[in-house]
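Let me begin by presenting the structure, written as structure tokens, before commenting on it.
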Amino acid sequence: MSPHTWLIIALVIYFGAMIGIGVYAATKTKDHEDYMLGGRNLPPAVAALSAGASDMSGWLVMGLPGAIYAAGLIEAWIAIGLTVGAYLNWKFVAPRLRAYTEVAKNSITIPSFFENRLRDRTRLLRIVSAVIILVFFTLYISSGMVAGGVFFESSFGGDYTVGMLLVGGVTLAYTLFGGFLGASFTDFVQGLMILAAVLIVPVIAVVAVGGVGEFGAAIDPAHVSMLGGEALTGAAAIGIVSSLAWGLGYFGQPHIIVRFMALRSAAEAKTARRIGMAWMILSLAGAVAAGFVGIVFFRETGSELANPETVILVMAQALMHPLVAGLVLSAVLAAIMSTISSQLIVTSSALVEDIYRVVAKRTPSQRTLVVLGRACVLVVSIVAVLLALNPESTILDLVGFAWAGFGAAFGPIILLSLFWRRLTASGALAGMVVGAVVVFTWPLLGTGLYEIVPGFALNLLVAVAVSLATAKHDEDIQDEFTRTGAIVTQRPVAEPTR
């Protein structure tokens, strides 16, 4: 068989496995909470790899290795920022968010948690949060479909539209029926595929260029500098700070922190953190190594690399059996699809749980909610596909913008909700709006500083100031805060006196 045929076989195997997992997850989905949050019964390993795979997308397999290949280790600052941010997120946010969302009237979405935690009787905080999620994630999902179509076109020689529809269709299939569990179980498998790809390819390439010794001798010392030159300039310093600041975004990413809410217990966040951080560190190290190895590999073999972001893909096709190379290519699709599926579920939950249930005049049945959840997944997918029909769309540029938007709008409010008793609904709403507005307007100043930094800081400042001005004692809020701390620290707590 031709190499192209082997690649197609690998792709069919991968797509078939994903749909099979989605069908299995559908048999485990009984009600609305199962569909949106997996019944809060996610094992630590699944939660950890699902969060990681949902987070990284194609950036891990293509963007980071390509940046290292083109510019050297100065591009690794973003990986350092993300690693620190992810660790702090797992360490402090995960256990407390898992406990608090259940204590606060069993909130199954971030907007409903804000409303229940802060006793917002106007419901404005919940609706504004849901609208932010809906707008940003519809564009985010579309950007993923664009990436899937472009990748399919360049790697498998297919048509862009066919590839985009195929990637979107398969992702829709297992998400539509499997819901949150379908997305999480497929994320787990996709996380393993991503890890294998970024570790195996650079090892084989090092062997191909003559071993570690030959590889080390061939590396240009300029590529090893993390400062971009002998002296640290002001522009370079701003660039480093901006790269590190990506880590701030973790606290406010709904598709990532919802995995914390789905854990079986707050205590299992510790196990999940160890698994998740091990996966992340190994994956990032493999991606950086692939970029470095690619520099030597293409110089020694005398071959051309037209697009640095394809460094892992081209090395895989040059060094591996076409079937194995096809599975590596499928790992890139896995990175893209895992993010799309997670964002589809969060967007669906925002529509059903945080908008429909707020305006509905009667309480819908569990069956109705599940049907509505699936219908919303379908509708959002159709809108995202329509936006992605243009392969030259600038939507891809919004990925970093959306990360900053969620991080600056939600991140400080999540942290204050979990760790500060005196946060109020007015403070949260004011801070959220300020954070979102700053993200939209800051780039117009042309400072070069990533907009998440001022957006996060001003959100925090405004939320605290307004809360101090509007705070009123609420015994129920104080009791829930105390009970959450007791669950996380596993200490007994006295019953409140009435």
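None of the figures in this text is laboratory data; all of them are computed from the coordinates on show. If you're wondering where the values come from, they're calculated on a predicted model, not measured in any experiment. Because the Cβ atoms are built from the backbone with ideal geometry, glycine has one as well, and the counts that use them run over all protein chains shown.
Each residue of region 291-299 in turn: what ³J(HN,Hα) in whole Hz from Karplus with 6.51, -1.76, 1.60 and θ = phi - 60°, glycine and Pro shown as x?
For region 291-299, the Karplus curve yields x, 5, 4, x, 4, 6, 4, 6, 6 Hz.
Measuring from centroid to centroid over Cα atoms, what is the spacing of region 51-103 and region 403-460 in Å?
So the two Cα centres are separated by 19 Å.
Per-residue HN-Hα couplings for region 307-316, Karplus 6.51 cos²θ - 1.76 cosθ + 1.60 at θ = phi - 60°, whole Hz, x for Gly and Pro?
Those phi angles translate into 10, x, 5, 9, 4, 5, 5, 5, 4, 4 Hz.
How do the peptides 209-221, 140-152, 124-136 rank, highest first, by the average count of neighbouring beta carbon atoms within 10 Å per residue?
So the peptides 209-221, 140-152, 124-136, ranked by packing, come out 140-152, 124-136, 209-221.
Can you compute the FRET efficiency between I238 and K28 using 1/(1 + (r/R0)^6), with r the Cβ-Cβ distance and R0 = 56 Å? Round to the nearest 0.05.
0.70
Ranking request for peptides 463-470, 338-345, 33-40: highest mean number of other beta-carbon atoms within 10 Å first, then the rest in descending order.
338-345, 33-40, 463-470
Could you give the dipole magnitude of the chain about its Cα centre, charging the beta-carbon of Lys and Arg +1 and that of Asp and Glu -1, in debye to the nearest 20?
2020
Jot down the per residue volume, in cubic angstrom and as a whole number, of the convex hull over the alpha-carbon atoms of region 15-110.
122
Could you please report the charge total around S50, scoring K, R as +1 and D, E as -1 over all other residues with beta-carbon less than 10 angstrom from its beta-carbon?
-1
Could you tell me the relative contact order of the chain? Use alpha-carbon pairs under 8 Å, at least six residues apart, and round to a whole percent.
31
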